[in-house]
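K.L.:
Please see the structure below; I have some questions.
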Amino acid sequence: MKKLFRPIIVSAALLLASAGVQAQDLLAAQSPLDKQMAFVDSIALRDMLLNEANMFPADELYDEWSNDHVRFKAELPDSFCVDLRGFAMPTTNTKITDIFGYRPRRRRVHNGIDIKVYVGDTIRSAFDGKVRIVKNQGRRRGYGKYVVIRHNNGIETLYGHLSKWLVTEGQNVKAGQPIALGGNTGRSSGSHLHFETLLAGKNLNPALMFDFEKQDVTGDFYTYRKGVYQEIDKKTGKIVESAEPLYHKVRKGESLSVIARKCGVPVNTLYRLNKLTSRSVLRIGQRIRYR
């Protein structure tokens, strides 16, 4: 019995040893695959988290997510700090062809700034965010082809007069990602990019945040203050603040002296704020700034 038992023990030992070698080989072969799968899983997880983070950017400011209209009524905070870090300039072009504000010759407000671009020039997203609107207002009307993006830092940007869209509604985008090509669609007298910045539906002067001539932002942060008028000092390049401007709409038979009396300000104030003289002719419906 002893002679028979020894070979059995030896055979069992050899079998276990062989099995161990095969198991080790199997684990060694499996190891790179596990690493690859973990890498794939990490990418999927990252994308999932990114999608969740961008599902409704800037929730604290906006109660709705709609692609029906550019502007909507929303409660503006007394102040709001916009993080401008991680920005990208929408275009590398630097020539400004029209500025933000009221345009007396057209008797209407220009809600953005115009930058000279050519048909086919790449237009990029200013910050990370989510595309809210991709629409066409039609031939010779409004923005023509345009895109609105809601950004994670709270503001929305609008890009108008485009020739082609490169994104779709609901798509998450990164700062600097191509979103469209420059064009001349809509109410436009030449190819250019109409660029707007909005906070909770209120248009802000893009020059308070973007310096297209220097291809840079005005600082790491921009702070909006409710009821305060902000503009860029041309000499220092810094933001200066004053009381938010007030306007009077000209009615039939009104002169500057009549308007000054109604608004309780000197006539010279109307001259200065509106770049007018005693020889200026008023038009019915014209907006006159008195503060």
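K.L.:
How do the strands (runs of 3 or more DSSP E) wholly within region 64-153 filter down when requiring 3 or more residues that are closer than 17 Å to G201 by Cα and modelled with pLDDT of 95 or more: which remain? Before you say what the answer is, go through the steps one by one.
P.N.:
On the way: elements: 79-83, 96-98, 101-103, 108-110, 113-115, 122-124, 129-136, 145-151.
By residue number, 129-136, 145-151.
K.L.:
So is K235 under 17 Å from S79 (Cβ atoms), surrounded by fewer than 17 Cβ atoms within 10 Å (Cβ to Cβ) and not β-branched (V, I, T) or not?
P.N.:
So K235 fails the test.
K.L.:
Grab the strands (runs of 3 or more DSSP E) fully contained in region 167-207, keeping just those with 3 or more residues being in contact (Cβ under 8 Å) with a residue 40 or more places away in the chain and out of contact with any Ser or Thr (no Cβ under 6 Å at 6 or more places or on another chain).
P.N.:
193-199
K.L.:
On to the next question. Closer than 21 Å to V109 by Cβ, modelled with pLDDT of 95 or more and buried (at least 16 other Cβ atoms within 10 Å of the Cβ), is that true of G160?
P.N.:
yes
K.L.:
Does region 240-249 include one or more residues that are under 29 Å from F87 (Cβ atoms) and surrounded by 12 or more Cβ atoms within 10 Å (Cβ to Cβ)?
P.N.:
Step one: of region 240-249, the residues under 29 Å from F87 (Cβ atoms) are 240-242, 244-245.
Next, only the ones that are surrounded by 12 or more Cβ atoms within 10 Å (Cβ to Cβ) stay: 244-245.
Within region 240-249, one or more residues are under 29 Å from F87 (Cβ atoms) and surrounded by 12 or more Cβ atoms within 10 Å (Cβ to Cβ).
K.L.:
Do we find that L273 is outside the structural domain of A126 (by TED's automatic domain parsing), in contact (Cβ under 8 Å) with a residue 12 or more places away in the chain and in contact with a strand residue (DSSP E or B) (Cβ under 7 Å, 6 or more places away or on another chain) in this structure?
P.N.:
Yes, satisfied.
K.L.:
Do the conditions hold for A88, that is, is it over 22 Å from R71 (Cβ atoms) and out of contact with any helix residue (DSSP H, G or I) (no Cβ under 9 Å at 6 or more places or on another chain)?
P.N.:
Yes, satisfied.
K.L.:
Another question about this same structure. Does region 179-199 include one or more residues that are farther than 20 Å from D98 by Cβ, surrounded by fewer than 21 Cβ atoms within 10 Å (Cβ to Cβ) and charged (D, E, K, R)?
P.N.:
no
K.L.:
From N184, N205, N153, grab the single residue that is at negative phi and more than 16 Å from the chain's Cα centre (by Cα).
P.N.:
Answer to the check: N184.
K.L.:
I've got another one for you. Only residues that are of a type in the set (G, A, S) and either surrounded by fewer than 11 Cβ atoms within 10 Å (Cβ to Cβ) or modelled with pLDDT under 70 (or both): list them for region 45-63, please.
P.N.:
A53
The values are calculated or read from the model by the stated rules, or taken from the named source; none is laboratory data. Nothing here was measured: the structure is a model prediction, and the numbers come from that model. Positions of Cβ are generated from backbone atoms using ideal geometry, with glycine treated the same way; all protein chains shown enter the neighbour counts.
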